[in-house]
Amino acid sequence: TWPEAGNIGGGGYMVIKLVDGRTAAIDYREVAPLAATRDMYLDANGKLTDKSIVGHLASGVPGAVAGMAQALERYGTMSLREVMQPAITLARDGFVVDSGLASSIRGSERVQQFEGGAMFFPNGQPLTTGARLVQPDLARTLQAIADQGPAGFYRGWVADSLVAEIKRGGGIITNDDLARYKPRERRPIRSTYRGFTLLAMPPSSSGGVTMTQSLNILETWPTTAPHGSTQWYHTVASAYQRAFVDRNSKLGDPDFISVPLEQLTSKTYAQSLRRTVRDERATPTRVVDSLMQAPIREPMNTTHYSVVDRFGNAVATTTTLNGSWGSGVWVRGAGFFMNNEMDDFAAQPGMPNMFGLVQGEQNAIQPGKRMLSAMSPTIVLDSAQQVLLVVGAAGGPTIITGTSQIVLNVLDHRMNLADAMRAPRLHHQALPDSLTIEIGGVAPAVQDSLRAMGWALRPLRSLVNVNAIMRVKGGWEGVPEPRRSGGAVGY
Ligand code: GLY
């Protein structure tokens with residue numbers, strides 16, 4: 001029911017904590033096709049094109065179906081048929097388009113360029129609020145997966161349709177790429193923050209490392225400044241800025257590069273970074289004026305959901321097509337959109353991607369490699385190692401800062417979950433060297449002080465789409481993102 005975010009044509013990550021003590025991290029990120037090359041998005045003059053964002057070359061090999069099926073097989077209790085039936089019914093019988101989806105369709109020029117245009121713009125007009133969206137091709141695809149497991153997607157007619165669609169537009173994903181795709185089960189990053197334990201996603205996502213590093217830096221201050229104060233913005237932004245410098249230059253797919261995980265997540269290293277923070281002054285990131293202005297060029301549509309069952313088993317999972325409507329390419333006959341995840345690589349190391357992230361060689365394109373992600377599904381345990389928070393977000397690099405601020409708001413500022421979700425947010429990703437704040441969220445006097453300290457403020461209407469669950473007396477409380485549509489539900 002959220003076609004612009006997919007997600008069977010995309011991929012993601014999942015962190016699991018079971019009541020029997022087991023933990024897991026499933027990496028079902030897309031991989032670069034085998035025919036991918038380092039400079040595949042540069043034109044004849046060496047200039048970066050937009051082909052990593054729009055069209056048939058922009059997709060990595062999807063991982064969502066294999067990852068979800070593996071999680072269910074290893075840790076679930078229900079059959080694939082059972083868990084997929086509600087989605088199959090919604091695709092087959094349709095659902096009513098709400099105002100959020102209608103507005104997203106209206107703004108999706110990209111969709112009209114490709115085969116999905118006929119479904120989302122019948123007679124050339126966008127579907128409007130109240131229309132029924134019926135997706136018979138998607139229903140058949142989902143049924144094939146329910147009947148055959150991942151083979152129903154990675155082999156047979158669905159795979160053939162996907163490859164034919166990609167080939168038609170000059171893309172490079174082959175049947176061999178699909179048949180070879182494998183999710184990876186990894187060990188969650190386990191870190192501590194002021195007596196609490198965090199279970200977070202390791203590379204190929206940067207989420208867990210960068211959150212851990214930011215929180216480790218913040219923990220070096222014995223007390224936390226009041227939420228929303230100048231000092232709070234200064235310390236939190238300084239921590240993010242340093243963690244993102246490392247993220248952008250040192251992280252990538254651990255199957256291809258060596259990631260200094262131990263160093264980046266160590267408390268000693270955090271102390272050395274803390275010493276670079278000046279109390280009264282912002283420190284410029286490597287300053288590249290032109291990059292400071294790099295805009296985030298498009299809405300991001302990722303999906304995060306947090307789940308806890310009646311026994312206390314917890315799952316945080318984030319999935320994405322990357323940009324809204326992914327690459328825009330819709331697989332005819334099979335009824336789903338393809339991701340544009342290849343843009344999460346450093347398509348030209350040193351140049352910003354669509355999120356303005358400036359990344360290095362560690363994240364350059366190689367065949368079969370996973371592109372670096374910011375997705376941060378996270379589970380926080382209390383001092384008795386019981387689940388306290390299940391949290392994660394959508395929003396490209398702001399996922400890391402948004403998710404960690406819910407953790408900080410609850411652990412440092414003792415907010416209840418509703419307040420923690422509503423509280424104004426900030427973001428810093430090293431480059432562009434600006435401190436993003438929410439319009440209306442920061443007192444004018446605090447803004448003046450921050451500017452005087454040397455921070456380049458960048459106001460945005462809203463930052464990041466988080467969904468979270470928190471343990472409360474007598475049960476659980478779920479809070480969806482108050483800035484966007486979405487919901488929390490108990491069965
Ligand atoms: N596609 C956004 C991310 O993985 O960070």
Of all the residues that make up segment 14-42, how many are assigned to a strand (DSSP E or B), more than 16 Å from the ligand (Cβ to nearest atom) and in contact with a helix residue (DSSP H, G or I) (Cβ under 9 Å, 6 or more places away or on another chain)?
2
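Counting just the residues of segment 366-390 that are outside any loop (DSSP other than H, G, I, E, B) and within 16 Å of the ligand (Cβ to nearest atom), which one comes out nearest to the chain's Cα centre (by Cα)?
Start the filter on segment 366-390 by keeping residues that are outside any loop (DSSP other than H, G, I, E, B), which leaves 370, 373, 378-381, 387-390.
Narrowing the set further to residues that are within 16 Å of the ligand (Cβ to nearest atom) leaves 370, 373, 378.
On the way: Arg370: 14, Ser373: 7, Thr378: 12 Å.
The extreme case among them is Ser373.
Can you say whether Arg110 is among the charged types (D, E, K, R) and either modelled with pLDDT of 95 or more or surrounded by fewer than 20 Cβ atoms within 10 Å (Cβ to Cβ) (or both), as far as the supplied structure shows?
On the way: among the charged types (D, E, K, R): yes; either modelled with pLDDT of 95 or more or surrounded by fewer than 20 Cβ atoms within 10 Å (Cβ to Cβ) (or both): no.
Against the criterion (among the charged types (D, E, K, R) and either modelled with pLDDT of 95 or more or surrounded by fewer than 20 Cβ atoms within 10 Å (Cβ to Cβ) (or both)), Arg110 does not qualify.
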So for segment 435-442 (the condition being surrounded by fewer than 16 Cβ atoms within 10 Å (Cβ to Cβ) and in a loop (DSSP other than H, G, I, E, B)), does at least one residue qualify?
yes
Which residues, counting only those in segment 426-450, are hydrophobic (A, V, I, L, M, F, W, C) and either within 24 Å of the chain's Cα centre (by Cα) or at pLDDT below 95 (or both)?
Leu426, Ala430, Leu431, Leu435, Ile437, Ile439
Does segment 381-390 contain at least one residue that is buried (at least 24 other Cβ atoms within 10 Å of the Cβ), closer than 20 Å to Ala5 by Cβ and modelled with pLDDT of 95 or more?
yes
Looking only at segment 47-61, count how many residues are touching an Asp or Glu at 6+ places or on another chain (Cβ under 9 Å) and in contact (Cβ under 8 Å) with a residue 60 or more places away in the chain.
7
Sole residue being surrounded by 18 or more Cβ atoms within 10 Å (Cβ to Cβ), touching a residue at least 12 places away in the same chain (Cβ under 8 Å) and touching a Lys or Arg at 6+ places or on another chain (Cβ under 7 Å), chosen from Ala5, Ala64, Ala69, Ala25:
Ala25
Are there any pairs, at least 6 apart or on different chains, whose C-beta atoms fall under 6 Å, with the first in segment 162-191 and assigned to a loop (DSSP other than H, G, I, E, B) and the second surrounded by fewer than 16 Cβ atoms within 10 Å (Cβ to Cβ), and if so, which?
Ile172/Ala35; Pro188/Thr23
Among the listed residues Gly356, Gly350, Gly402, which satisfies the condition of being in a loop (DSSP other than H, G, I, E, B) and either away from the ligand (no atom under 16 Å from the Cβ) or at negative phi (or both)?
Gly350
Working only within segment 303-333, note down all residues that are within 11 Å of the ligand (Cβ to nearest atom), modelled with pLDDT of 95 or more and in contact with a strand residue (DSSP E or B) (Cβ under 7 Å, 6 or more places away or on another chain).
Thr318, Thr319, Thr320, Leu321, Gly326
Condition test on Gly333, is it out of contact with any Ser or Thr (no Cβ under 8 Å at 6 or more places or on another chain) and of a type in the set (Gly, Ala, Ser)?
no
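The values are calculated or read from the model by the stated rules, or taken from the named source; none is laboratory data. Small disclaimer: the values here were computed from a predicted structure and weren't measured. Backbone-built Cβ (ideal geometry, glycine too); neighbour counts: all protein chains shown.
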